Amino acid sequence: MSIHVPPKYPSWLPSLLGLFIAVGPAATDMYLPAFPAVEASFGTAPGTAQITLATWFAGLAVGQITQGTLSDRFGRRIPLIVGFMLFTVSIVGCALAPSLTWLAIFRTIAAFGASAGMVIARAVVRDLSEGQAAAIMMSRLVLVMGVAPILAPTIGGAILAFLHWRFIFWVLAIYGAACVVTAWRVLPETLPPEHRLRLPVAGLAARYVTILKEKTFLTHAIMGGCSTFCMFAYLSGCSPVFELGFGLSPSEFALIFGLCAVSLVGCSQLNARLLPRFGLNAMLTWVARVSFCGTCVLLAVAFSGIHVLWAVVAPLVVVIGCQGFNNANSTAGALSRHASHAGSASALMGTFQFSLGASSGVLVGFLTDGTPRGMAAMMFCGMLGAVIADRFRPRPELPRP
C-alpha cells in the first residue's frame, strides 16, 4: 500500500485558506453593531436579535458534520464551491428578510454553506502538514482570518452610519460570490482520488464513533469547544453590554471590538513563534490557565457592580487574545492522529464547537440585562471547562516542523 506524503504547498495558499475561513467570522461580526437597528426595524424587544446569532451558530454546527464527510468523499474543491454558492444565495435572502423569523431562517441556511470554508480549509491544512507544523500553518491562516473580526464590525458600523442595516448583507453576498470564483479558479485539490473515502451511512457513523473514542481527539476537542463557548459568549453579549450598558455608538463599539480582534490576531502570530520553543502541549496548558484567570477577573468586575469601561475591556483583551493560541493548537492536537480522515475529524470538532457556541449564544441572550454579568458568567464557565479538559488530556509527542 502506498503512503501519501503531503506535498509542499505554495506560499500563498495559507492566505487563500484564511480568506475562505474568514467568511464565517465576517458574517458573524459585521452585523453585530446592527442588533439595536434590527430590533427597531422589526419592532422586537431588546436582546431578540441575538436569536439570529444563535441560529447562525446552530447552522454552522449542523453544516460542519456534513461538509467534512462530503470533502472526504468528493475532495476539497467541489464541496467548498457548492457551500459558498449556498452561502451567497442565503445571504441575499437575509438582505430581503421581511421579519426577524425569516432573518433567522436565512442565517441558518447561510451558516450551513459558510461551514464548508471553515471545515475544508482546516482539512486542507491537515492534508499538507501535521502536529506543530499544522499549528504554525493554522496560525498563518488566523492572520488572514483575523482581519475579518477587526474590519467586519467597523465596516458594519460605517454602513449603519449612512445606510440601512440590510446593506450589510449585500456586502457579505459580494464576499461570498468572490469566494466562489476564487475557489473555482485558484484552489488546488489536496486530496487525490486514491485517498478519498467511500463509506455507507453505517460506515460513516462507525467512523465518527471511532474518532470520538480516541482520547487525544476528545480532550483536545473539548478544550477547543469550551474555548469556543467562551468566545461566542463574548460575541453574543458584547453588543448589548457596550451599546446598551455603556451607551457606546456603533462606531465606538467597533473600536472596542477591533481592539480585542487585534489581540486575537497578534497572539495567533506569536503562537507560531513560541510553538517551536515550548511545544504544543505546554502552550495549550498555560494559555488555558491564563485565559481562565482572565475570566475570573472579568467575573469579579461584572458582579462587583464596577461600571468602568476599561475594567471590562482589559480582561476581555486578555481572554480573547488567548483564543488566538487556543484555536490553532487545539485543532492541531485534535487532528494529529487522524490523517486518513481529516475532513471528518475536523467536521466533528467543528460541530461540537459550534453546538456549544449556539447554546452559549442562547444563554447569553436570556441573561442580557445591559450589564456584563451574563457574558462574564458564560465566559467563565467556558474556560473552566477547558482547564478541566486539559487535566485529562494525553501529552503525546507531536511532530515538529
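The values are calculated or read from the model by the stated rules, or taken from the named source; none is laboratory data. What you see is a predicted model; the values in this text were computed from it and never measured. All Cβ positions, even for glycine, are placed from backbone atoms using ideal geometry, and neighbour counts span all protein chains on display.
Brief remarks follow.
- In this structure, Ile105 qualifies as among the aliphatic types (A, V, I, L, M), surrounded by fewer than 19 Cβ atoms within 10 Å (Cβ to Cβ), out of contact with any Gly (no Cβ under 7 Å at 6 or more places or on another chain) and touching a residue at least 40 places away in the same chain (Cβ under 8 Å).
- Within the set Leu212, Leu218, Leu284, the sole residue that is touching an Asp or Glu at 6+ places or on another chain (Cβ under 8 Å) and either β-branched (Val, Ile, Thr) or farther than 21 Å from Gly370 by Cα (or both) turns out to be Leu284.
- Pairs meeting the criteria (first residue in region 368-397 and farther than 15 Å from Val301 by Cβ, second residue modelled with pLDDT of 95 or more and not polar (S, T, N, Q), beta carbons under 6 Å, at least 6 apart or on different chains) are Met383/Phe292; Val387/Phe292.
- Any hit, region 264-271, residues being part of a helix (DSSP H, G or I), in contact with a Gly (Cβ under 7 Å, 6 or more places away or on another chain), among the small types (Gly, Ala, Ser) and within 27 Å of Trp165 (Cα to Cα): no
- In region 137-167, the qualifying residues are those that are over 17 Å from the mean Cα position of the chain (by Cα) and buried (at least 23 other Cβ atoms within 10 Å of the Cβ), and the one that is modelled with the lowest pLDDT is Gly157.
- Val318 at pLDDT below 85, part of a helix (DSSP H, G or I) and farther than 17 Å from Ser330 by Cβ: no
- Candidate set from region 359-372 (those that are surrounded by 24 or more Cβ atoms within 10 Å (Cβ to Cβ) and not hydroxyl-bearing (Ser, Thr, Tyr)); member that is nearest to Glu243 (Cα to Cα): Pro372
- Of all residues making up region 254-306, the number that are in contact (Cβ under 8 Å) with a residue 60 or more places away in the chain and charged (D, E, K, R): 1
- If you filter region 182-196 down to residues that are part of a helix (DSSP H, G or I) and under 23 Å from the mean Cα position of the chain (by Cα), you find that the one that is surrounded by the fewest Cβ atoms within 10 Å (Cβ to Cβ) is Thr182.
- Pairs meeting the criteria (first residue in region 307-335 and farther than 11 Å from Gly266 by Cα, second residue among the aromatic types (Phe, Trp, Tyr) and outside any helix (DSSP H, G or I), beta carbons under 6 Å, at least 6 apart or on different chains) are Leu309/Phe246.
- Taking region 251-279 as the range and being more than 20 Å from Met231 (Cα to Cα) and not polar (S, T, N, Q) as the test, the residues that pass are Glu252, Ala272, Arg273, Leu274, Leu275, Pro276, Arg277, Phe278, Gly279.
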